[in-house]
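Only one structure is covered here, and it is reproduced in the block below.
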Amino acid sequence: MNQDRKKMLFTSVASALVLTLVGCAGSGSPTSESSSSAGGDQSSESKVSEINVLSLYKKTGDVPEGAAINLAVDSFISSTGVSVNFTEAGENLGEEFEATVLAGQEADVVIVNLFDKSSGWLDAGATIAVNDLIAEWGLDSVIKESAIKEWTNSSGEVQGFPFQGFTWPVWYNMDLLAKAGITAAPQTMDQLIEATDALRAAGIGPMVVGGNDWSGNKLWLQFAQMFMDKTEAADVYSNGGFCASPNAMKGISEFVKARDAGVFVDGVEGYTADTMNAAYYAQDAAIMPAGSWAMSGAEPEIAAVTELGGLPVPSGAAYTKPTAYEGFTGVGFFITKKGAQKLSAVKDFILSFYQPDVIGKFVAEVNVVPATTNDISEYLAAASPLLGEAVSTMQTKVEFALMPDVYVGTHGDALTRASALAYGPGVSADQICKAADQAYN
Amino acid sequence: MSSVKFRLKANSQKAGPVGSTKGLSLFSLPALGWFVFFTIGPLVAMFYISTLNWRSIIGQSEPAGFSNYEKLFGSDVFYAALQTTAIQLGIMIPVMIPLAFMVGYYLTLKPRGHRVLRVILFTPGLISISATAMVFYAALGPQGLVNGLLEAIGLDDLTKPWLASADTALAMVIIVGLWQGIGYSGVLFAARLESVNKDLFEAAKLDGASEWRIMWRIAFPITVDFVGTLTMLQFLWTLFGSAGLILLLTRGGPGQTTTTLSLLIYQKAFFENDLGYSQAAGVVLFVIGLAGMILIRRLIRARD
């Protein structure tokens, strides 16, 4: 290779290197401004003609939330004259949003649940803290304090406006249980195993759960915390250490005992949340743990024979009643840095969702448990009877376990693979805890 | 080889003065620029990012030295992924290449319906990964085709969620990979074998050699260079490209049973927001890929 060629190649490679490094350096935080300065000066805002929204909720197609979303959006447009560029996103909303942030083309408002990705957006400077805005916009008396607490990160910053909550009970098909000779939903682990034997003898599948996905993961984590108080559970879920925690191991052993006793339907490790719902709705299984979002899918005849309760607990557990989950991390509103520059319009847009008639529609048609203090009793009549039960009688039958999502964070996917292993036959408690700890590795 | 060198030398002498070479270099600049920015650039970026503590693609990054490598080499997850990758490669390549070669040789015999057979065998290469995954997800699921067939013939005890069971998930991923690769590679082998002088095969047949003997003792040595190339391509595709299929079929689970190194890179970057660790694994994968290519090349040359 002659000298000219060598020089040419060296220069080209060096240029690429420099550009790459500059690119990488530039791909850090889009801004390091504090959330307060990003809040923007509303008075200095120029006239806004459109706001951009990226949403997990869909307003088109055959979706239960369509009418409620349209009610809120139409009300905003008619009262402000500002148009809404509403982009529907699926499960990849997190990746989609982050890609638009890198391109400087992100939406003003993101409607999504608080999950591993979205819980990092405030720290990354992509969204703003809303502590002050909640009070300024009068939402401090509208949104439940417990919901705001769930949306508050370890630095005390509220990451967004909580909107949709949920309850996550265990559903019992009392008709199928009666066919097996069981007249009451099991309250203890021994009763659950007795019910399992009776159901199997009657040719009925016992408990179905999506062993291969998040639904099975949540149930497994519910078992794992049976003997832990909430402080210990929060620590283990945040940092791992299942094997090192005797109480976590007791819970995992209880899971293994239940699995080996046949509590779960055959081949449960291959089920997903969708096939779980399908099996329960088709009455192929008598028991399933499912959140309030699944209530829309239950036909009236299934809802009529379903009793909501909790996961039975063994003696000596940290809970005295069967456990269920509840939370307010379902869906909420994040304001991006761009949105902070259009704060007046963004305020009107978000407030349009907190109007009582909009919340009522969400309750009646989407079976949402709102994160608000509104009286929703008048709307419950139009909702699934299961939702009414979930927010009333069920509350006295169960104790609420620690909802793991905010603690598990980015380890969620790896932990789901670990729990998928747990549902397989023959996997020991030691193997399960090791797999769970690997999720934090 | 020496004749090739001679011809190249002769051509360069014919090319005339040095100025023409410079002109040619100028013409090749855009291509060189493209190569540098889009091939070497990302490679450099991968090495660089592996030295950062970078928790999210939209977040701040800071220098971390070689701590990502320390974390990687001290992590059970990495070794589990390395082992899974070794099993996947160790089974797929030795099974796929000989079978594909046999398929290719069979096609050159032009059996009845060989044209249709070629199309059928090539079909996996025309189906997208997502469509392939969907078909096999449905077939291997708890209520899928495979379990349905087993139940129909009274083998209910053998039914299981093939992709979700720790005992069978990796085997299923390998089988789907083989299904994708054997027919496709077989058609490519057939194309190469078509160019071999058929008189050699006819002469061997007259001498009483069986098809099996002709295939392995005559056809294989003649096309060994192409076998090496295809082995290298399948090795690289399996090592780097199979993550997409695994992600769609099993997401790397249950546990870590189907997490290969290439999937680990994706998981760490996109699920666990650890870009530095992810790219450190990427560098290791790159080195393994390079080492594998050199090894295959040497093995083929040793046979040559």
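The values are calculated or read from the model by the stated rules, or taken from the named source; none is laboratory data. These numbers come from a predicted model, not from an experiment. Here the Cβ is made from the backbone with ideal geometry for all residues, glycine too, and neighbour counts use every protein chain on show.
Quick notes
- Subset of the stretch A:244-266 [more than 15 Å from A:Leu221 (Cβ to Cβ) and of a type in the set (A, V, I, L, M, F, W, C)]: A:Ala244, A:Ala261, A:Val263, A:Phe264, A:Val265
- Residue, surrounded by the fewest Cβ atoms within 10 Å (Cβ to Cβ), within the stretch A:272-281, restricted to residues that are more than 8 Å from every other protein chain (Cβ to nearest Cβ) and outside any loop (DSSP other than H, G, I, E, B): A:Asp274
- Scanning the stretch A:258-268 for residues that are under 22 Å from A:Tyr237 (Cβ atoms) and out of contact with any Leu (no Cβ under 8 Å at 6 or more places or on another chain) turns up just one, A:Arg259.
- Residues located in the stretch B:60-75, provided they are free of Cβ contacts under 8 Å to residues at least 12 places away in the same chain and not in a strand (DSSP E or B): B:Gln60, B:Glu70, B:Phe73, B:Gly74, B:Ser75
- Contacts under 6 angstrom Cβ, first residue in the stretch B:238-257 being more than 9 Å from chain A (Cβ to nearest Cβ) and in contact (Cβ under 8 Å) with a residue 40 or more places away in the chain, partner crowded, with 23+ Cβ neighbours inside 10 Å and not in a helix (DSSP H, G or I), 6 or more apart: B:Ile246/B:Thr258; B:Leu249/B:Leu163
- Within the stretch A:96-139, the set of residues being at the interface with chain B (Cβ under 10 Å from one of its Cβ atoms) and free of Cβ contacts under 8 Å to residues at least 12 places away in the same chain comprises A:Ala99 only.
- Beta carbons closer than 7 Å, at least 6 apart along the sequence or on distinct chains, pair a first residue in the stretch A:398-416 that is within 11 Å of chain B (Cβ to nearest Cβ) and in contact (Cβ under 8 Å) with a residue 60 or more places away in the chain with a second that is buried (at least 21 other Cβ atoms within 10 Å of the Cβ) and among the small types (Gly, Ala, Ser) for A:His411/A:Ala439; A:Leu415/A:Ala436; A:Leu415/A:Ala439.
- Residue ranges of helices (runs of 4 or more DSSP H) in the stretch A:198-271 with at least 3 members closer than 27 Å to B:Asp157 by Cα: A:214-224, A:246-260
- Of the strands (runs of 3 or more DSSP E) contained entirely in the stretch A:36-155, those carrying at least 1 residues that are surrounded by fewer than 17 Cβ atoms within 10 Å (Cβ to Cβ) fall at A:50-55, A:83-88.
- B:Thr39 passes every criterion in (1) modelled with pLDDT of 85 or more; (2) closer than 25 Å to A:Ala99 by Cβ; (3) under 30 Å from the mean Cα position of the chain (by Cα) apart from (1).
- Restricted to the stretch A:258-271, and to residues there that are over 23 Å from the mean Cα position of the chain (by Cα) and of a type outside the set (A, V, I, L, M), the residue that is surrounded by the most Cβ atoms within 10 Å (Cβ to Cβ) is A:Phe264.
- Being of a type in the set (Phe, Trp, Tyr) and free of Cβ contacts under 8 Å to residues at least 60 places away in the same chain holds for only one residue in B:Phe286, B:Phe226, B:Phe220, B:Phe235, and it is B:Phe226.
- Inside the stretch A:422-441, residues that are part of a helix (DSSP H, G or I), closer than 22 Å to B:Gly74 by Cβ and within 24 Å of the chain's Cα centre (by Cα) make up a count of 5.
- Residue satisfying condition, being out of contact with any Asp or Glu (no Cβ under 8 Å at 6 or more places or on another chain), within 18 Å of A:Ala233 (Cα to Cα) and more than 10 Å from chain B (Cβ to nearest Cβ), within set A:Ala436, A:Ala429: A:Ala429
- Residue within the stretch B:71-80 that is surrounded by 16 or more Cβ atoms within 10 Å (Cβ to Cβ) and more than 11 Å from chain A (Cβ to nearest Cβ) present: no
- Residue check, B:Ser130 of a type in the set (Ser, Thr, Tyr) and either surrounded by 14 or more Cβ atoms within 10 Å (Cβ to Cβ) or more than 26 Å from the chain's Cα centre (by Cα) (or both): no
- If the condition is being at the interface with chain A (Cβ under 10 Å from one of its Cβ atoms) and either under 21 Å from the mean Cα position of the chain (by Cα) or assigned to a loop (DSSP other than H, G, I, E, B) (or both), then the stretch B:265-293 contributes B:Gln267, B:Glu272, B:Asn273, B:Asp274.
- Residues that are away from chain A (no Cβ under 14 Å) and buried (at least 19 other Cβ atoms within 10 Å of the Cβ) are absent from the stretch B:45-52.
Conditions tested, residue by residue: (1) crowded, with 19+ Cβ neighbours inside 10 Å; (2) at pLDDT 90 or above; (3) of a type in the set (D, E, K, R); (4) closer than 30 Å to B:Ala169 by Cβ.
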residue: A:Leu387; (1), (2), (3), (4): yes, yes, no, no
residue: A:Val398; (1), (2), (3), (4): yes, yes, no, no
residue: A:Asp405; (1), (2), (3), (4): yes, no, yes, yes
residue: A:His411; (1), (2), (3), (4): yes, yes, no, yes
residue: A:Ala422; (1), (2), (3), (4): yes, yes, no, yes
residue: A:Ala429; (1), (2), (3), (4): yes, yes, no, yes
residue: A:Lys434; (1), (2), (3), (4): no, yes, yes, yes
residue: A:Ala439; (1), (2), (3), (4): yes, yes, no, yes
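Table: residues versus (1) in the same structural domain as A:Val63 (by TED's automatic domain parsing); (2) in a helix (DSSP H, G or I); (3) aliphatic (A, V, I, L, M).
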{"residue": "A:Glu307", "(1), (2), (3)": "no, no, no"}
{"residue": "A:Lys321", "(1), (2), (3)": "no, no, no"}
{"residue": "A:Gly332", "(1), (2), (3)": "yes, no, no"}
{"residue": "A:Lys338", "(1), (2), (3)": "yes, yes, no"}
{"residue": "A:Leu351", "(1), (2), (3)": "yes, yes, yes"}
{"residue": "A:Asp357", "(1), (2), (3)": "yes, yes, no"}
{"residue": "A:Asn374", "(1), (2), (3)": "yes, no, no"}
{"residue": "A:Tyr379", "(1), (2), (3)": "yes, yes, no"}
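- The listed residue being in contact with a Phe, Trp or Tyr (Cβ under 7 Å, 6 or more places away or on another chain), within 14 Å of another protein chain (Cβ to nearest Cβ) and either at pLDDT below 85 or surrounded by 15 or more Cβ atoms within 10 Å (Cβ to Cβ) (or both), out of B:Ser12, B:Ser56, B:Ser25, B:Ser61: B:Ser61
- Verdict on B:Gln234 being within 30 Å of A:Ala420 (Cα to Cα), polar (S, T, N, Q), buried (at least 19 other Cβ atoms within 10 Å of the Cβ) and out of contact with any strand residue (DSSP E or B) (no Cβ under 9 Å at 6 or more places or on another chain): no
- Residue within the stretch A:194-209 that is away from chain B (no Cβ under 14 Å) and touching a Lys or Arg at 6+ places or on another chain (Cβ under 6 Å) present: yes
- Criterion: modelled with pLDDT under 95 and outside the structural domain of A:Pro370 (by TED's automatic domain parsing) - qualifying residue of A:Trp220, A:Trp214: A:Trp214
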